[in-house]
Amino acid sequence: MTNPGKGSTRHTDAEPIGVILAGGRGERIGGTKATVELHGKPLISYPLEVLGGVLAEVVVIAKSDTELPSLPGVTVWVETQATHHPLVGIVGAIGLAGGRPVLICAADLPFVTEEVVHALVEAELEGAPAIIAASGALMQPLLGRYQPDVLELLGKTEIGPEVRVQEAIAALAPRILQVGDPEVLFNVNTPDDLLQAAAMLDRRRYPKVKL
């Protein structure tokens, strides 16, 4: 996707490709997360718009049979591994990025902000293979910048349902970017989460005025 962005700083081709992970089954929410609506918009549209406001190139990666909403102008990369696992999406994205770093964001993170994306892009890695967003002790490995060499490191991992993505990414010894607002890392996994996200959006759009 090429998006000029409204007043956003553009990055050069040396900067990461934004990749929205959308290959999950969404079993707990009753369908493909990308098509679930939050305030009348597909869930995937929230992080897609934010990454598109910062990065010159943003794509979606999903399985060949993943149901996606209409995404005009957006390139969709296809995961070739049959296994449904976030690490498969990360590995697939790095492999398809042609040697460029990737800025990974899950499709179910509706509160990610341009400020956090800018910080992930601009942070010095100091020799680490990745930088991951976190709030306190909570690391969100599906919001982070991954270098090309992570492909080789994660390629040694046998990815199965028993593999915890947090533990696999922590084993890479990534840098951590602490975010000030923990709601940035709120992800939508269940119908209750969707209701909570809608309430959070209402609160942000229509804050209570103290009399």
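The numbers here are math on the coordinates, done by the rules we state, and not lab data. Please read these numbers as outputs of a predicted model, since none were measured by experiment. Backbone-built Cβ (ideal geometry, glycine too); neighbour counts: all protein chains shown.
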Exercise. Applying the Karplus parametrisation 6.51 cos²θ - 1.76 cosθ + 1.60 with θ = phi - 60° to the phi angles of the stretch 177-184, what ³J(HN,Hα) value in whole Hz is obtained for each residue in order, glycine and proline being reported as x?
Worked result: 10, 7, 9, x, 10, x, 5, 4
Problem set entry | For the stretch 17-205: relative contact order, % (alpha-carbon pairs under 8 angstrom, 6 or more apart) | 24
Exercise. Which length gain, in nm to one decimal place, applies between VAL76 and ARG164 when the Cα-Cα distance is subtracted from 0.36 nm times their residue separation?
Worked result: 29.1 nm
Problem set entry | Per-residue Cβ neighbour rank within 10 angstrom, fewest leading, THR113, THR66 | THR113, THR66
Seminar exercise, completed: Rounded to whole angstroms and listed largest first, the alpha-carbon spread of the stretch 17-205 along its three principal axes comes to 41, 37, 34
Problem set entry | Label-to-label distance, nm, for residues given as SER64 and ALA137 (7 Å Cα→Cβ offset) | 4.4
Exercise. In sequence order, what are the phi-derived ³J(HN,Hα) couplings for the stretch 46-58 according to the Karplus relation 6.51 cos²θ - 1.76 cosθ + 1.60 with θ = phi - 60°, rounded to whole Hz, with x for glycine and proline?
Worked result: 5, x, 4, 5, 5, 5, x, x, 10, 9, 6, 9, 9
Exercise. Considering only the stretch 71-211, what is the antiparallel percent among its DSSP beta bridges, to the nearest 5?
Worked result: 70
Exercise. If you find the alpha carbon centre of the stretch 83-103 and of the stretch 16-60, how far apart are they in angstrom?
Worked result: 15
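Just from its helices, what would the mean residue ellipticity at 222 nm be for the chain, if runs of 4 or more DSSP H residues each count -39500 (n - 2.57) and the sum is divided by every residue, rounded to the nearest 500 deg cm²/dmol?
So the calculated ellipticity at 222 nm is -7500 deg cm²/dmol.
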For this session: List THR83, THR32 from most exposed to least, where exposure is judged by having the fewest other Cβ atoms within 10 Å.
Result: THR83, THR32
Exercise. Can you pull out the trypsin sites (Lys or Arg not before Pro) in the stretch 81-169 that DSSP calls coil and that have at most 14 other Cβ atoms within 10 Å?
Worked result: LYS156, ARG164
